[in-house]
Amino acid sequence: MNNDELKEVSHGKAAILGIQHLLAMYSGAVAVPLLIGVALKFNSTQMTYLVSIDIFMCGLATLLQLLRNRYFGIGLPVVLGCAIQAVEPLKMIGKQFSIGTMYGAIIVAGIFVFLIGGQFARIKKLFPPVVTGSLITVIGLTLIPIAVQNIGGGDAAAKTFGSLQNLLLGLITIVVILVIQVWGKGFISSIAILIGLVVGTITASFMGLVSTSPISEAAWFHIPQPFYFGAPQFEWSSSLTMIIIALVSMVESTGVFFALGSILDKKITSDDLKRGYRAEGLAVILGGIFNTFPYTTFSQNVGLLQLSGIKTKRPIYWSAVILMMMGLLPKIGAVATIIPTPVLGGAMLVMFAMISVQGMRMLFAVDFSDERNILIVALAVGMGLGVSVYPGIFQFLPKTAQLFLGNGIVVASITSVLLNIIFKGKDGLVE
């Protein structure tokens, strides 16, 4: 890192950068409670609780990772949010058993993650540059279709999907971000994403596409309440399902940790990984207790670190605190919901593409005169992208296998790690 990136920014600037990080992850964070709440037919009061406590817990979970200590916390500038891969299994558990069973399974999964964090951290040696570079590239590439879908309007089945209005808003947001990033000076350049979101939203308001009703309808204050939906219930198959989802999240988080290490020029040790996994385990346990959902490290914000050039933790602390405030004050939380989906999509496209570029930069250090490395990267990227586009290819496999193999990032991890071991044996591992 250069000296500018090592400098700590003022609290005022850090707060603005924190809001930028918050907006980058907000739609992904609230999508999980909205999808599950609708599927389980929660009423408006329950949905209000679910979204508010989810936002609060995103902030608390992020703090657990930031506050590095002997036992937990990776201490990197990471943001945590709800694990989207948990949506379908949780909907299934909630419908087949009960809401209490759903939260009991989440608590069991959190305890499992916390307890195996130390053992799981030993997988570090399986991630040399050819593996981590491939994985980080795939993380970015698998997220890009989500950004493009959002630019189109979010719902690909909607009649307005891909309308000129949507495309124009996405394009305006991208252009503003690029202009600010390239020609902006100092701090202004580092908040290019935030400025793009603001300009895009203002433009959309002139088109009549912004509604402030979510703000007026939201409550002023909200208090987190343990076991809001009743006492947890424990059922073995539901718990096992959520443990599998937790393992998927751990593999995905591993890639994000290594991506952050690459951006910060910091070597990620087994001890770092152990603390990171344990912090996620605690966050998942608290999610079950306060009736929210499993939490995982968000890859969305990795690209934002690279783009802004501000790589200290202070902005993330602000992001965590503001998230908790938004959870306690739903009217404030509702402000972020008025950003139109195409505007978010435009910002996401820039950030997710930056993640891919970071992975490619890591691959520059790989010796491609060795054909084995070419094959590892080619198969990892090909398998990861292929599964992301067509996850249904595994529909005839057992449900457990589908939970693992339906995630392109996990498939890329498994493919690259296995090929590296098969082709190179012990020589392909890192110390």
Exercise. Under a no-solvent Debye model with one identical scatterer per Cα of region 319-421, what's log10 I(q)/I(0) at q = 0.11, 0.15, 0.21, 0.23 Å⁻¹?
Worked result: -0.59, -0.87, -1.06, -1.14
Problem set entry | Approximate shape of the chain as ellipsoid semi-axes (Cα gyration tensor, √5λ), whole Å, largest first | 30, 28, 22
For this session: With springs connecting C-alpha atoms under 10 Å apart, model the chain as a Gaussian network and identify which of GLN96, GLN358, GLN65 has the largest mean-square fluctuation.
Result: GLN96
For this session: Would you tally the net charge around SER52, using a Cβ to Cβ cut-off of less than 15 Å, leaving SER52 out, and scoring K and R as +1, D and E as -1?
Result: -1
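Find, among the chymotrypsin sites (Phe, Trp or Tyr not before Pro) in region 48-78, those assigned to loop by DSSP (not H, G, I, E, B) with at most 16 other beta-carbon atoms within 10 angstrom. Working shown, then result.
Details: sites: TYR49, PHE56, TYR71, PHE72; in loops: TYR71, PHE72.
Answer by residue number: TYR71.
Which order do peptides 224-231, 237-244 fall in by mean Cβ count within 10 Å, highest first?
On the way: 224-231: 13.4, 237-244: 19.6.
Final packing ranking: 237-244, 224-231.
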For this session: Could you do me a favour and compute the accessible area per residue for the chain, 1.4 Å probe, result in Å²?
Result: 42
Problem set entry | Per-q log10 I(q)/I(0), region 48-202, q = 0.11, 0.16, 0.19 Å⁻¹ (Debye; single scatterer per alpha-carbon; no solvent) | -0.76, -1.34, -1.37
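Can you give the FRET efficiency for SER237 and ILE422, using 1/(1 + (r/R0)^6), R0 = 41 Å, r = Cβ-Cβ distance, to the nearest 0.05? If you can, show how the numbers build up before the last one.
Working: r = 34 Å, r/R0 = 0.82.
The calculated FRET efficiency here is 0.75.
Ranked highest first by the average count of other Cβ atoms within 10 Å around their residues, in what order do 119-131, 141-153 fall? Before the final figure, lay out each step's value.
On the way: 119-131: 18.8, 141-153: 20.4.
Order by mean packing, descending: 141-153, 119-131.
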Exercise. Summing -39500 (n - 2.57) over the DSSP H runs of n ≥ 4 in the chain and dividing by its residue number, what mean residue ellipticity at 222 nm do you reach, to the nearest 500 deg cm²/dmol?
Worked result: -23000 deg cm²/dmol
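Report the net charge of residues surrounding SER416, where surrounding means a beta-carbon distance below 12 angstrom and charges are Lys +1, Arg +1, Asp -1, Glu -1.
Numbers: positive: ARG372, LYS424; negative: none.
In short, +2.
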Exercise. Looking at the chain, do any whole DSSP H helices span at least 20 angstrom along their long axis by alpha carbon and average -1.0 or above on Kyte-Doolittle, and which?
Worked result: 11-39, 44-66, 99-120, 129-152, 164-183, 192-206, 236-264, 270-289, 314-328, 341-363, 371-389, 408-424
For this session: Pick out which of LEU344, LEU385, LEU418 has the largest mean-square fluctuation in a Gaussian network model of the chain, springs linking Cα atoms closer than 10 Å.
Result: LEU418
For this session: Could you tell me, in Å, what Rg and Dmax come out for the Cα atoms of region 111-187?
Result: 19.8, 52
Problem set entry | Spacing of the two label points (7 Å from each Cα toward its C-beta) at LYS267 and SER216, in nm | 6.0
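Quick check: convex hull of the Cα atoms in region 213-353, volume per residue, rounded to a whole Å³? Walk me through the numbers before you get to the answer.
On the way: hull volume 21.0 nm³, N = 141.
Taking the convex hull of the Cα positions in region 213-353, it is 149 Å³ per residue.
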Problem set entry | Ranked by how many other beta carbons lie within 10 Å on average, peptides 158-171, 311-324 from highest | 311-324, 158-171
Seminar exercise, completed: Over all viewing directions the Cα convex hull of region 174-289 casts an average projected area in nm² of 12.7
Seminar exercise, completed: Computed over region 21-121, the distribution of all Cα-Cα distances in 10 Å bins, rounded to whole %, is 13, 41, 34, 11, 0
For this session: Over all alpha-carbon pairs of region 224-300, lay out the pair-distance distribution in 10 Å bins, whole %, shortest bin first.
Result: 17, 43, 27, 12, 2
Problem set entry | Three-way shape call for region 192-253 based on the alpha-carbon gyration tensor, with the a/c threshold at 1.5 | oblate
Exercise. From the cross-link list LYS125/LYS266; LYS125/LYS399; LYS159/LYS331; LYS125/LYS267, which pairs have alpha carbons spaced over 22 Å apart?
Worked result: LYS125/LYS399; LYS159/LYS331
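The values are calculated or read from the model by the stated rules, or taken from the named source; none is laboratory data. This is a predicted model, so every value here is computed, not measured. Note: ideal-geometry Cβ built from the backbone for every residue, glycine included; neighbour counts use all protein chains shown. Heads up: the accessible areas ignore ligands, DNA and RNA and are worked out on the full protein's heavy atoms, side chains in. Shrake-Rupley method; radii C 1.70, N 1.55, O 1.52, S 1.80 Å.
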